[in-house]
Amino acid sequence: MEKSVSVRILGKDYSLRVKESQVDFTLEVASNLDTRMRAFQAAHPKAHELTTAVITALSVTEELYQLKQHADETDSRITRELFAMDTLLAKALGEEVSSKIQLDLEPQEV
């Protein structure tokens, strides 16, 4: 079920429709965005609101990409380690090495 939520960013109210289970998360995200935009404005008081929004969006997107890259690298490392453990276990048990674990070492696009 959806619910209407009002958030305030840079002194402007925005009404959003979100899943009822996402209300608190949406409020937290909006608060974080407002804080980041206000920090940019404080550092660049002559910047227009659109510039503030775009630069903040670029910063948030850069952070998202870095986190995604880190997650992809971690996933690849874990997959390699699982494959190595599977191989060692199969050898210890005298079984053929299976190809149950598929290696996907290419990072996924966001």
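The values are calculated or read from the model by the stated rules, or taken from the named source; none is laboratory data. Bear in mind the structure is a predicted one, so any value in this text is a computation, not a measurement. Cβ sites come from the backbone with ideal geometry, for glycine too, and all protein chains shown count toward neighbours.
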(request) Report, by residue number, each residue of segment 1-20 that is among the charged types (D, E, K, R) and within 24 Å of THR52 (Cβ to Cβ). (result) ARG8, LYS12, ASP13
(request) Considering only segment 1-10, state which residues are more than 18 Å from ALA57 (Cβ to Cβ) and not in a strand (DSSP E or B). (result) MET1
(request) Hey, could you check segment 72-104 for residues that are polar (S, T, N, Q) and part of a loop (DSSP other than H, G, I, E, B) and say which is modelled with the highest pLDDT? (result) SER98
(request) Mind counting the residues in segment 12-47 that are under 23 Å from LEU58 (Cα atoms) and either at pLDDT below 95 or in a helix (DSSP H, G or I) (or both)? (result) 19
(request) Tell me which residues, restricted to segment 13-48, are surrounded by 15 or more Cβ atoms within 10 Å (Cβ to Cβ) and among the acidic types (Asp, Glu). (result) ASP34
(message) Testing GLU62 on (1) among the acidic types (Asp, Glu); (2) exposed (fewer than 13 other Cβ atoms within 10 Å of the Cβ); (3) under 29 Å from GLU2 (Cα atoms), one condition comes back false. Which one is that?
(response) (3)
(message) Let me spell it out: the conditions are (1) surrounded by 15 or more Cβ atoms within 10 Å (Cβ to Cβ); (2) not assigned by TED's automatic domain parsing to the domain that holds GLU95, and LEU10 meets all of them except one. Which number is the exception?
(response) (1)
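Yes or no, residue by residue, for (1) without any contact (Cβ under 8 Å) to a residue 24 or more places away in the chain; (2) within 23 Å of the chain's Cα centre (by Cα):
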position: MET1; (1), (2): yes, no
position: VAL5; (1), (2): yes, yes
position: LEU27; (1), (2): yes, yes
position: MET37; (1), (2): no, yes
position: GLN41; (1), (2): no, no
position: LYS68; (1), (2): no, yes
